[in-house]
Each structure stands twice: as structure tokens, then as C-alpha cells.
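A short worksheet on the structure shown next.
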Amino acid sequence: MLRRLPEAVVNRIAAGEVVERPASALKELIENAVDAGARRIDCALRAGGAAWMSVDDDGAGIVRDELTLALERHATSKLSGDDLVEIRTLGFRGEALPAISAVSRLTITSRAAGAAEAWRIAVDNGGVGAPEPAARAIGTRVEAAGLFRAVPARLKFLKSARAEYLAAADMLKRLAMARPAIAFSLEHDGRRVWATPTALNQLARLADVLGEEFAQNSIPVALEADGLRLTGHAGLPTWHRGTAQAQYLFVNGRPVRDRLLQGAVRAGYEELVPRGRFPVLALFLELVPDQVDVNVHPAKTEIRFRDAGRVRSLIVSALRRALAEEGHRAATPAAVTPLVGRLHPGGSLAPPLELAERAAAWQAPLLDPDLPPAAPPPSPEALETLCLPLGAARAQLHDTYILAQTSDGVVLVDQHAAHERLVLERVRRALADGRPPRQALLLPEVVELDEAGADRLAAKADELAELGLVLERFGPQAVLVRETPAALGEADAKGLVRDLADDFAEHGVALALKERLEDIAATMACHGSVRAGRRLGAAEMNALLREMEATPRSGQCNHGRPTYIELKLADIERLFGRR
């Protein structure tokens with residue numbers, strides 16, 4: 001038999017969608033404070049928020065006659081009409097306060113701007129009391145105690161107090177990132193655990209929330225096109241994490257978790273970050289409200305874009321442009337651990353003159369009478385080389401690593417990883433220019449394959465020729481390679497052809513190669529690069545360093561790993577206890 005559920009049960013069911021845990025309740029209260037025009041928002045929790053929470057702001061406040069109305073479902077001041085298209089506030093559904101009051105003991109104390117006194121109203125798990133006079137400054141304080149005490153089924157699914165506190169703190173910091181003009185603070189179990197004053201700009205707020213390390217190892221992102229505007233800061237490719245939790249994405253000031261945006265971030269960092277690692281970033285997308293639907297879920301963290309392709313394209317382009325403009329700058333060293341180091345503060349390619357003087361002093365021999373006479377001072381040309389970002393090659397270690405001296409430190413380069421990136425960029429440029437130049441092999445290479453592999457390559461012979469690789473069928477189980485792309489230099493033709501045959505087996509031969517140029521270019525680059533174990537002369541090593549300095553993204557190999565590490569003199573001195 002059908003029957004209507006009691007109003008209290010209906011409200012608790014609805015509350016389950018809006019208030020999943022203490023962090024979601026805190027989020028709704030903070031969003032209300034932001035929408036009220038607050039310039040300061042102070043939050044406090046006990047036992048992760050499950051026992052008690054409060055949000056105190058200096059916003060516009062609520063007049064006495066609207067306190068009771070504010071506790072009714074779907075009552076809101078944030079929609080001027082009945083249109084759900086032009087949503088410019090964080091909240092708009094009118095569900096937060098009724099939902100929280102249905103599963104807690106809620107108290108609202110508020111004084112509206114221009115009002116002579118404040119008023120308080122209390123709700124006990126859905127039972128609403130009458131407004132009564134109170135004392136406070138202009139603004140609103142909302143307290144919620146005993147969250148889910150009347151809903152034991154939901155209460156038992158809460159995590160530990162520590163876990164709930166961490167979730168609430170993360171949520172608060174996400175909201176704070178998008179509102180640098182508002183001061184925030186958080187107290188837990190009577191102790192202030194975090195606070196950030198109003199910030200002058202976006203980066204200052206991000207540094208407050210994510211730490212100075214983020215400011216030092218991130219680059220600005222800014223691009224505007226077709227009514228879309230993307231700003232923010234993205235971490236250097238060599239500064240990454242094991243999960244995507246440190247990727248903060250915002251749409252019209254609203255923190256969101258969206259697969260489309262996360263996929264665009266992955267594409268923007270393609271080949272720059274190792275597999276299974278995630279860059280750190282904070283990106284803020286702004287667009288006309290009618291181009292995005294935020295009314296997808298009561299929690300308002302899921303969104304839909306009217307033109308998802310345009311949004312994705314903007315993010316990918318903005319990230320790739322910003323990372324390319326930074327060249328091969330890498331993350332700063334952490335303490336005394338010799339991690340990947342950035343070239344020079346601010347990405348400068350020319351260090352100050354005094355660093356060159358320090359480098360000259362560093363080369364001075366030890367004062368030992370048994371040593372040979374001191375070498376002559378370095379020439380101006382040598383000092384000029386030291387002042388270049390990757391310095392001058394001094395040695396090759398284990399026929400694999402290039403040791404270079406800079407004006408204020410040393411650099412260790414993985415010759416294979418670095419050259420593989422350089423070759424990939426050469427191949428890309430050649431392919432972008434149209435028909436890439438080819439070089440004929442003095443003796444054509446015969447590559448033996450299985451019959452199916454030879455068939456697949458023969459079927460793609462014309463397209464491969466357009467990419468600079470000329471081959472022909474040579475019997476049932478082999479192909480003959482006559483020419484290779486000039487950009488590869490002395491390429492491993494056999495390895496290249498075999499890898500391409502395997503690649504066609506995995507992806508099929510129906511897809512045009514031009515649609516997979518990036519994959520083909522990467523395969524070619526792998527077989528055209530200097531291998532570990534090959535001995536290089538000084539001229540070759542310096543030529544590789546100079547090309548790295550002139551090539552975008554040369555700080556990471558084609559698989560996202562670093563191509564070099566740098567130690568500043570200060571780092572070396574700390575390692576030896578001199579600092």
C-alpha cells in the first residue's frame with residue numbers, strides 16, 4: 001500500500017544527498033558565507049566535525065523575518081528568478097541549511113547589515129524553534145552539533161575523527177584557493193590548525209595553501225579564447241605526485257572533480273610525466289554560466305559543459321604552451337637531497353657575472369707543491385660556456401652520463417634520455433613541415449619478420465614513405481629498408497621497423513599513420529638516439545648540451561623522466577657539512 005512518508009523522513013532522505021559527511025556539511029556552510037559577501041570566514045570542528053562544527057563570517061547576515069524561511073527546503077536568496085541557467089553563486093538550490101538541520105542540532109545566530117540587534121534560531125533534528133534575540137556583530141554564525149546522531153545508519157559509516165578532519169581541511173583549502181580576497185581559518189579540537197589572510201593575488205593564496213614549494217616549482221598558465229578563460233599555476237613536469245589528489249580544478253570559482261578536465265590535464269602533460277605519476281596544479285576556468293550546467297548533483301561538484309571539446313582543447317593548449325615556454329626548467333632541489341634542480345631562479349638563461357667569478361675560483365688547483373704547475377686561468381670563451389644553463393662538459397661517466405660544470409654548480413645528464421627527447425622534437429618539426437627529408441642507406445637493411453608483420457608494413461609502405469621511412473617487401477618474411485628520416489641520424493633501422501610492425505599488430509593497420517603521428521614520432525626517436533654505453537667526445541657532449549638548451553621540454557625524456565639533475569654549489573657544500 002502506498003503512503004506518504006513523514007516530512008522528517010523526507011528531509012533526512014534529502015539530507016543524505018547533500019550531507020554525506022562532516023566535510024560536505026562544512027562545505028555548504030562556507031559556500032553560504034562566501035555568497036553572503038564575507039571577507040573573513042572562521043571555521044571550527046570537534047572530532048572531525050561529527051561532534052560539532054561552526055562557521056562564523058562577517059557577511060551580509062540574515063534578517064529576523066527570514067531566519068525561519070532559511071530553514072525551509074528550496075528557499076534561497078541566490079536566484080533572482082526561476083532560471084537555472086545564469087547561476088553566479090556557489091549555492092542556489094536552497095537545500096543546505098534544511099539538510100543539515102534535519103540530521104543535527106543546528107543553531108543560526110545572525111545580524112543583518114543595518115539591523116540593531118542579532119537573532120538566533122535553533123533546530124533539533126528537524127524540530128524548528130522560534131527566533132530569539134542574541135548578541136553579535138554583523139554577519140552569521142552557524143553551529144551544527146551531533147551530526148547524524150539521529151541517523152545511526154549513516155553515523156556508523158563515518159571514518160575516524162582524524163580522517164573526517166583531514167577531509168574537511170582539504171575541502172576548506174580548495175574553497176580558499178578560489179577566493180584570495182577572503183581570509184580563512186580552521187580550528188580543530190580547540191587548536192588553530194590553519195589560517196590564511198587575504199592575499200594580494202592568486203599565486204600568494206596558492207602558496208599559503210599548498211606551500212612555498214608549489215610557488216617555486218610551478219609556472220603561470222593563462223589563455224583566453226572563444227569566451228573561455230583559463231588561469232592558474234601548473235607544477236613543473238619533474239614535480240609530481242603518486243595520485244591526482246593535488247590537482248585542484250575550478251570552474252567559475254567552484255571546486256570540481258571532473259573527468260573531462262582531468263583528462264585534459266593528462267593530455268597537456270603527455271610524455272612529460274612518468275606513467276602512474278600526476279602533476280601538481282591549480283587551474284581556474286571561467287566561462288559564461290549558460291555554457292556549463294552545475295545542477296547535476298546536489299553536492300554541486302559534478303558539472304557538464306555545453307561544448308566539452310572546446311574546453312578540453314583550451315586546457316591542453318594552455319598547458320602545453322606554458323610548459324614549452326619554460327623550456328627545460330626542472331624542479332628545485334629539496335633540502336640537501338640531490339633531486340632535479342632548476343637551472344636558475346626565475347628560469348633565467350644568463351646567471352649574474354659574480355657566478356662566473358665564483359666558477360673561476362672553483363677551478364683553482366689545490367696548493368700542493370707536489371702537484372704539477374697550475375693550469376692557466378680559463379679563457380673568456382670557457383667562462384662564457386660556464387655561464388650557459390647547462391655549462392661545459394667536463395667528463396663522461398660510465399659511457400652513459402655527461403658531467404658538466406656550470407658557473408655555480410654541476411649538472412649530470414643522461415645522454416640517452418636527453419638525446420631521445422632531442423630526436424623526438426626534431427622528428428616532430430620535420431613532420432610538421434610536411435614531407436620530412438630522408439637519407440639513403442649506403443647498404444639497405446634487410447629486416448626479417450614474420451609474414452604477418454611483413455604484410456602489415458608493406459600495406460603501410462606509402463604512408464611510411466611520406467614520413468621519411470622507405471621500405472619494400474623482400475620475400476615473404478622480410479622487408480628491405482632503403483631510406484630513413486634524416487632527423488634520426490644513424491638510426492637503428494632494424495629496431496625501428498620491428499617496433500613499427502609490433503605497433504601495427506596492436507593497433508591495426510586501418511588507422512591512418514597521420515592520425516598517430518605522435519606515437520610514430522616517439523617510436524622513431526627511440527631508435528635514432530644516442531645509446532647508453534656509447535663513448536662521446538667533448539665536442540659531441542657540448543653540442544648535445546647546447547641543443548638541450550635550445551629545445552623545448554628537454555628537461556624530460558619521452559617517458560616523462562628527468563634528462564638531467566643539477567647540484568648547486570650550496571647543495572654540495574651542505575652535503576659536506578660546510579653550511
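Every number here is computed from the coordinates shown, using simple stated rules; none is lab data. Computed from a prediction, not measured in an experiment: that's the story for all the values here. Neighbour counts run over all protein chains shown; Cβ positions are idealised from the backbone, glycine included.
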More than 18 Å apart: what percent of Cα pairs in the stretch 23-75 qualify? 39
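For Glu132, what charge total do you get from the other residues with a beta carbon under 12 Å from its beta carbon, if Lys and Arg give +1 and Asp and Glu give -1?
On the way: positive: Arg64, Arg120; negative: Glu117.
Spelling it out: positives minus negatives among the neighbours equals +1.
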In the stretch 114-218, which GluC sites (Glu not before Pro) are in a loop and have at most 13 other Cβ atoms within 10 Å, using DSSP for the loop call? Glu117
Take the stretch 99-247, drop everything but the C-alpha atoms, weight them equally and run the Debye formula without solvent; then report log10 I(q)/I(0) at 0.16 Å⁻¹ to two decimals. -1.07
Counting Lys and Arg as +1 and Asp and Glu as -1 over every other residue whose Cβ sits under 14 Å from the Cβ of Leu449, the net charge comes to -4
Per principal axis, descending, Cα span of the stretch 229-294 in whole Å: 37, 19, 18
How long are the three semi-axes of the equivalent ellipsoid for the stretch 165-249, computed from the Cα gyration tensor as the root of 5 times each eigenvalue, in whole Å, largest first? 24, 16, 12
Cleavage-rule hits (chymotrypsin sites (Phe, Trp or Tyr not before Pro)) in the stretch 103-196: DSSP loop, at most 15 neighbouring Cβ within 10 angstrom: Phe157
Could you list log10 I(q)/I(0) for the stretch 529-579 at q = 0.27, 0.31, 0.32 Å⁻¹, which the Debye formula gives when each Cα is one point scatterer? -1.06, -1.17, -1.20
